[in-house]
Amino acid sequence: MVGVIFSKNIFGFIFFVYFSKQCPVQPDFSSTDMNKFDKACIKERIAKLAGLKCTGTPAALAAKFEISERSVKRIIKEMKEEGINIKFDYNRISYVIE
C-alpha cells in the first residue's frame with residue numbers, strides 16, 4: 001500500500017507525506033543477492049526520488065543503494081515494463097516520473 005497525503009503547514013505551504021506499508025524497515029542492500037522484497041523497496045524508493053526529481057545519475061543511485069549501475073538500469077527497465085512512466089531528464093540530471 002503506497003500513498004501520498006497532501007497537507008498544509010502553519011505557514012500555508014503545501015507539502016506531502018509519502019507513506020508505505022510495504023517497506024517498514026530499511027532493507028540491507030549490501031548483500032550480494034537481492035530478493036523480491038529488496039527489489040520492491042528499491043523500486044519504491046526510486047519512484048519516490050523520481051517523483052521529487054532528485055535521483056541523480058544511475059551511478060549515484062547505485063552508490064545510494066550499494067548495488068551496481070547495471071542493476072539500477074535493470075530495475076528502471078522493469079519499472080517501465082510495469083507501466084510507470086519514468087525517464088531520465090538530462091537537464092535535471094535525474095530520473096523523473098511524468
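Residue-by-condition table, conditions (1) loosely packed, with under 12 Cβ neighbours inside 10 Å; (2) out of contact with any His (no Cβ under 7 Å at 6 or more places or on another chain); (3) of a type in the set (A, V, I, L, M, F, W, C):
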| residue | (1), (2), (3) |
| --- | --- |
| Arg45 | no, yes, no |
| Ala59 | yes, yes, yes |
| Glu69 | no, yes, no |
| Lys77 | yes, yes, no |
| Gly83 | yes, yes, no |
| Tyr90 | yes, yes, no |
| Ile97 | no, yes, yes |
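Are there any pairs with C-beta distances below 8 angstrom linking a residue in the range 47-67 that is over 12 Å from Lys87 (Cα atoms) to a residue that is assigned to a loop (DSSP other than H, G, I, E, B) and modelled with pLDDT under 90, with the two at least 6 apart or on different chains, and if so which?
Filtered contacts from the range 47-67: Phe65/Phe29; Glu66/Phe29; Glu66/Ser30; Ile67/Phe29; Ile67/Met34.
The values are calculated or read from the model by the stated rules, or taken from the named source; none is laboratory data. Keep in mind that what you see is a predicted model, and the values were worked out from it rather than measured. Glycine gets a Cβ as well: all are built from the backbone with ideal geometry, and neighbour counts include every protein chain shown.
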